[in-house]
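Here is the structure we will look at, set down as structure tokens.
The values are calculated or read from the model by the stated rules, or taken from the named source; none is laboratory data. Keep in mind the model is a prediction, meaning the values are calculated, not measured. Heads up, the Cβs are rebuilt from the backbone with ideal geometry, glycines too, and the neighbour counts pull from every protein chain shown.
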Amino acid sequence: MGFRIVLALALQVICASAYGAVENALLESGRRATGYVLVGNEKSFSTGSSFCVDATGIFITNHHVVADFNAKTDQIRIVVAPGTKAQKIFAATIVKTDAASDVAILRVDRSGNLEVLDLASPASLAGLKETTPVAAFGFPLGQKLSLKADSTYPATSITVGRVSALRKQGGQLVDIQFDANVTFGNSGGPLIDSSGSVIGIVRGGVPGKPINFAVPVSYIRSLLSAAGITPTPRMMTDPDVAAWYIRWLSREKSVDKAAVPSPEVQKKNLEIVRGLMDKSYADKTPAGRYNLLIELLGRATETKDDPDGRYTLLNEAREIGISSGDVMASLYACSRITDAYAVRPADIVLDTLERSAPKGASQQQELAWVSATAMMLAEAKSQREEYAEVRKLIPLIRSSGTASRNPAVLAQMRDRVARLEALAAEFTKVESSLDKLKTAPEDPDANATVGKYKCLVRGDFDAGLPMLAKGSDGPLKAIAAADLKNPATPEAQRELGDQWWDMAAKQPLAADGCKARAGFWYAKAQPQLTGLVKTMVDQRLAQLPSTLRLQSRTTFTNSIGARLVYVKPGTFAMGSAQTVAGRGADEFQHEVTISQGYYMGATEVTQAQWRAVMGTEPSRLKQDDFPVDAVSWHDAAEFCRRLSQKEGKTYRLPTEAEWEYAARAGTTTKWSFGDRPEDLHRFGNYSDVSSTQNHRWQDKSANDGNDRLARVGSYPSNPWGLYDMYGNVHEWCSDWYGEYPQVAVTDPAGPNTGTERVVRGGSYANAASTCSSAKRGTLSPDKRQGSYGFRIVMVEN
């Protein structure tokens, strides 16, 4: 997954635009972040557009939009979310303008949250070329406006097109020409690319012709720097983006990816690179170093048949970024390296941060990125219980965060560092208590300490609740005992959720864990609640950040190390609408209700987990954390039977309906991430250019980074915390294959008899169209084929 697409993933793109390039969800985000600018008074005023780049109230527009502002007689108003129920009007002031670049910075005194657009990083401009898809936003010229506070405004216009030309001077990009239809009212509005990042400010065009121009984003960055403004890294304001970084930085290196070339090979390759690019290396100016970095990344993209050479180019781009203080570019290079090579993200990012030394007010944004990324790295290491490493990161977090002078970074720095230091101190006590339990397993204090840590910090309630129930902490002991009784009625479940919610106020260090457990019980009770009680529960669930909502479902790791996620009951449309491209004849869309919640394996069953239960090794490509494959339906069912017997719980294969319900995760698009097949390589392992099998259906335009099997959890999860639902291995379902019913059904389990069982999700050997939420596959239940595996479901007894 590339660094430049984090925003798109964090927004959980759910549908594609008709243009087929910029996602609808990103278009809507751009619309919400765009504001109209009104300059003047009630007798006479001019209009333009603007967009928010920082949640503290920083907007960008053109200089010419505000050039005629008279401080004595005029006022500036910014209308956010015009024409919608969320419309707000803010008084704005000019912070700084630059006539030469035609850029102006405005500030509003915000009240409430503002939608923000990310500025494209210098490195992401490496992919900017003629034909790059873009979207422009702004005020639809010709509409009547007013400065009155209660005025009604037209909705923001959105037009799509492509870059048609790039004009450079002295190697620096100075103008972007594009063909999306705009009017003069668009002046000051954003021009975004297909990742949702701002690449420029619309400044004008040729009337009546598809020839329009935008000021490149580099001029925005320069003016922000001159004004002493540090845009906040999105991971500091968006919990979903923060969660992505923590997951990425928690990953181990993938042994199935390309090996890092030896130092000798890198040295030899670097000599060749410097010889080929000697003129670029000779320019030591900041612009020259930037252009060198861009050229290295571009050459790496073009180098497909030389993995050693490609690594050398990417790592050299990282080194140039480090020496230039361009932290964002260096981190982008890190993500490219970890996508393709057997490199542990935490290691290369730590090296990058420690050697990046941006200094001075002109690089406050880079310092903000150092501090923010170091916080994410510390969180990842905390999750891995590497607290010695956490302690080493704290000075870097503090020094760079303080120097950045960014309010959001400073606030998060104070909160996160205090919590991480407290966790590190608590873990020291946990280690001592674990030693104590080896000789005194019933010790109340040791049980309380370890149980609290396991439940409320690690989220392992299966292991921690029994310890809390015999611990010395009275209130936690009582609530743990009630939890272990597993209440069955919605009233009792809601009451237990209330107890955990109230406990959060008494356990500041473990407040998130308490609320996550409250969310677990609330989610169970919610479907059967009514009235004010349901309203209260809905409100509390809505208050939980998505990461805590996920924790409330992720309730335990079982005896073989499989993590299971709770999937709550619900109703969904199973199959595909007739209008869906590539719809199978057997995908008749019908309403399905899942009446009972269930726990589903967060990943496919791994080879290590299979071996722990079955004692055999059926897979040909052997790797503990790869999915087990070459197993029949009967083999998978026997695994579930033995695991049930081993743990005293009921494990089974998912029904076809349960599988699709979980794969969709509340979405209605072809995949849980949207409708664009070209995005699948970011979310799953299928047949693309990384495959050496050369299938005729192979996607030649994408690279998911894996040839055949991929380590489970290598790609981002769906919104419900389930990984690898698309591709990697076909997954057996419990159903016999048959036609769908033509009416709404509840808990369907397929026909009573048949000749083939259902498989879902597609595999590494399949086209993107086969690896979708609705696509159905079949196989004889006694067949053992490579690329066929499964995931488990556990239901409550």
query = Got a sec? Which of 424, 440, 388 is aliphatic (A, V, I, L, M), in contact with a Phe, Trp or Tyr (Cβ under 8 Å, 6 or more places away or on another chain) and over 30 Å from residue 221 (Cα atoms)?
reply = 424
ask   = Do you know which of the residues in segment 40-62 that are over 15 Å from residue 184 (Cα atoms), of a type in the set (Gly, Ala, Ser) and more than 25 Å from the chain's Cα centre (by Cα) is surrounded by the most Cβ atoms within 10 Å (Cβ to Cβ)?
value = 40
task = Would you check which residues across segment 254-270 are out of contact with any helix residue (DSSP H, G or I) (no Cβ under 8 Å at 6 or more places or on another chain) and at pLDDT 95 or above and list them?
result = 262, 263, 264, 267, 268
request  = Take the residues in segment 69-98 that are small (Gly, Ala, Ser) and touching a residue at least 24 places away in the same chain (Cβ under 8 Å), then tell me which one is surrounded by the most Cβ atoms within 10 Å (Cβ to Cβ).
outcome  = 92
request  = Could you grab me the full set of residues in segment 677-716 that are in a loop (DSSP other than H, G, I, E, B), modelled with pLDDT of 80 or more and hydrophobic (A, V, I, L, M, F, W, C)?
outcome  = 683, 709, 710, 712
remark   = Condition set of a type in the set (S, T, N, Q) and under 30 Å from the mean Cα position of the chain (by Cα), scope segment 593-619, selection surrounded by the fewest Cβ atoms within 10 Å (Cβ to Cβ): answer is 595
task = Looking for whichever is among the basic types (Lys, Arg) and under 33 Å from the mean Cα position of the chain (by Cα) here; the options are 760, 784. Which one fits?
result = 760
task = Pairs only if they're at least six apart or on different chains, beta carbon under 8 angstrom, first in segment 38-63 and in the same structural domain as residue 153 (by TED's automatic domain parsing) and touching a residue at least 12 places away in the same chain (Cβ under 8 Å), second surrounded by fewer than 20 Cβ atoms within 10 Å (Cβ to Cβ) and among the hydroxyl-bearing types (Ser, Thr, Tyr); list them, first residue then second.
result = 38/46; 39/46; 40/46; 41/73; 42/146; 55/237; 63/101
key: Residue ranges of helices (runs of 4 or more DSSP H) in segment 284-360 with at least 2 members farther than 23 Å from residue 248 by Cα   = 286-302, 307-324
key: Test result for residue 217, touching a strand residue (DSSP E or B) at 6+ places or on another chain (Cβ under 6 Å) and more than 14 Å from residue 161 (Cα to Cα)   = yes
key: Set 404, 362, 324, 400: member being farther than 26 Å from residue 682 by Cβ, of a type in the set (Ser, Thr, Tyr) and modelled with pLDDT of 90 or more   = 400
task = Determine whether residue 226 is crowded, with 22+ Cβ neighbours inside 10 Å, hydrophobic (A, V, I, L, M, F, W, C) and either closer than 22 Å to residue 51 by Cα or assigned by TED's automatic domain parsing to the domain that holds residue 390 (or both).
result = no
message = On the basis of being among the acidic types (Asp, Glu), within 29 Å of the chain's Cα centre (by Cα) and farther than 15 Å from residue 465 by Cα, does residue 512 make the cut?
response = yes
key: Residue in segment 722-730 that is buried (at least 19 other Cβ atoms within 10 Å of the Cβ), assigned to a strand (DSSP E or B) and at positive phi present   = yes
ask   = Which pairs do you get when a residue that is modelled with pLDDT under 95, found in segment 483-505, comes within reach of a residue that is polar (S, T, N, Q), reach meaning Cβ atoms under 6 angstrom, with the pair 6+ apart or on two chains?
value = 487/493; 490/528
query = Pick from segment 119-131 the residues that are surrounded by 19 or more Cβ atoms within 10 Å (Cβ to Cβ) and within 15 Å of residue 168 (Cβ to Cβ): which of them is modelled with the highest pLDDT?
reply = 128
query = Of all residues in segment 620-673, how many are of a type in the set (D, E, K, R), free of Cβ contacts under 8 Å to residues at least 24 places away in the same chain and either assigned to a helix (DSSP H, G or I) or crowded, with 16+ Cβ neighbours inside 10 Å (or both)?
reply = 1
remark   = Given the conditions (1) crowded, with 21+ Cβ neighbours inside 10 Å; (2) within 26 Å of residue 562 (Cα to Cα), every one holds for residue 787 apart from (1)
key: segment 434-482: number of residues that are polar (S, T, N, Q), free of Cβ contacts under 8 Å to residues at least 24 places away in the same chain and buried (at least 21 other Cβ atoms within 10 Å of the Cβ)   = 1
message = Quick test for you: out of 203, 167, pick the one residue that is surrounded by fewer than 20 Cβ atoms within 10 Å (Cβ to Cβ) and not assigned by TED's automatic domain parsing to the domain that holds residue 379.
response = 167
